[in-house]
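Just below is one structure, and these are the notes that go with it.
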Amino acid sequence: MKKICPLAFFILKLFICVLSCLFFSCAALSSRAPARSYAVYSVPPISSPVPPVSGENSAVDWREEMRNFVIAIGDAARKANPDFELIVQNAQELITSDGLPDSPVMSGYLNAVAGTGREDLYFGYTVDNKPTPAPVSKQLKSLCDIFLQNGKAVLVIDYCTSPAFVDASYKLNRQNGYISFAANRRNLTSIPPRPAEPFNKNDESIERIAQAKNFLYLINPEKFALKDDFIRTLAATDYDAFVIDLFCADEKLDFSDVQRLKVKPNGARRQVICYMSIGEAESYRYYWKDEWNKRPRHSRRNFQRTSPAWLKGENPAWKENFKVDYRASEWQDIIYKGEDSYLQKILDAGFDGVYLDIVDAFEYFENGEKE
């Protein structure tokens, strides 16, 4: 038997080793999960119809239910104060029959509101301090313009901190005829450092939100240890309008607090609007009951839900915020019916209007969610 040349033997071993590495590498790659694809954004094109709904939610027109809810809140408020104004945040697709800009306008809904608020129109839609994709901005603007063309205010909140983006936000929104606010924090806890004074500063009195040239959106006053510090700080600014919460430092703002906020440093009038979420229940609010959404300590066989059936799943993006079936009479009692309702507290405090959030809660149910 001939002996293999040492050099040839070394080359043969090296060849076999390379083949083995290639084989096991390919096998390892084929056993891995496919690379995850991250969509930059997902907004249906303007030509998309209202999405179909399946299951038990299919018989409900969730958009119309939300429109009716907003209209009812407006009717109740104006019975107490005919000049009281409603502003609805996001969900601009409710303004037409199917959410498309060329479709019939829902006149009852349009007449119920004084304006619409739109987050992320130019900055922050995918990531804070990043430009919103142009097709998204175009789609959202086409719906916001329906409000504007019908004499309603359009309030825009862009989330950006870069000086160039802040300046661009104010410039673009002013060109559109919108009132805007460039928020430096998504949790809306502070007055942004830029610009040093409100953009488009205005010394005139503001009697309606549509007259405002600028506004401050500060609905999380957690940085203020005392309510009076909050009132004093905001009152010293030159904003035409405030959108703020009913509570600060665990205290409810009273009539005298709101009256102080209504006066600019030069003595002119400004609008003070109160934030209220109508599509989610918040576990830190006065109306929350301890037993809601808690499991009793006994066997699963004897388990009974302790939270109301209209209280749904927690919002994974915002802890302590729970989706609600906003058609439920108990929820509507909390929001606007009766002397102890959230709306009545806002009216009693003397606010000029209410800023309704989570109006887009219909999407939760259109997507077939139950819990």
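Tabulated values for the structure
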| quantity | calculated |
| --- | --- |
| Label point distance in nm, Gln149-Ser307, each placed 7 Å from Cα along Cα→Cβ | 4.2 nm |
| Long-range HN-HN contacts of Val324 with modeled amide H, under 5 Å | Ala281, Lys312 |
| Cβ-defined net charge surrounding Lys130, 12 Å radius [Lys, Arg +1; Asp, Glu -1] | -3 |
| Gain on full stretching of the segment that runs from Asp167 to Arg208 - 0.36 nm per residue minus C-alpha separation | 12.2 nm |
| Gain upon complete extension [Asp102, Asp228; 0.36 nm per residue less C-alpha separation] | 40.6 nm |
| Heavy-atom accessible area order for Asp228, Asp145, largest first, 1.4 Å probe | Asp228, Asp145 |
| Label-point separation in nm, Glu339 to Lys130, each point 7 Å along Cα→Cβ | 5.2 nm |
| Gain in span if fully extended, Ala196 to Glu330, counting 0.36 nm per residue against the direct Cα distance | 43.8 nm |
| Accessible-area ranking of Met66, Met106, largest first, probe 1.4 Å | Met106, Met66 |
| Pairs beyond 29 Å (Cα-Cα), from Lys152/Lys289; Lys262/Lys319; Lys152/Lys264; Lys152/Lys312 | Lys152/Lys289; Lys262/Lys319; Lys152/Lys312 |
| Residue-by-residue Karplus 3J(HN,Hα) for the range 243-255, coefficients 6.51, -1.76, 1.60, Hz, glycine and proline x | 10, 9, 8, 6, 10, 8, 6, 6, 10, 7, 5, 9, 4 |
| Under the Karplus curve 6.51 cos²θ - 1.76 cosθ + 1.60, θ = phi - 60°, whole-Hz ³J(HN,Hα) for the range 320-334, x wherever Gly or Pro sits | 6, 10, 10, 4, 10, 7, 6, 7, 4, 5, 5, 5, 5, 4, 4 |
| In Å², nearest 10: area of Thr306 left accessible to a 1.4 Å probe | 50 Å² |
| Principal axis dimensions, largest first and in whole angstrom, of the range 146-257 by Cα | 39, 32, 25 |
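The values are calculated or read from the model by the stated rules, or taken from the named source; none is laboratory data. If you're wondering where the values come from, they're calculated on a predicted model, not measured in any experiment. Cβ coordinates were reconstructed from backbone atoms using ideal geometry, including for glycine residues, and neighbour counts include every protein chain displayed. Just so you know, the surface numbers come from the protein's heavy atoms only, side chains and all, with ligands and any DNA or RNA stripped out. Shrake-Rupley method; radii C 1.70, N 1.55, O 1.52, S 1.80 Å.
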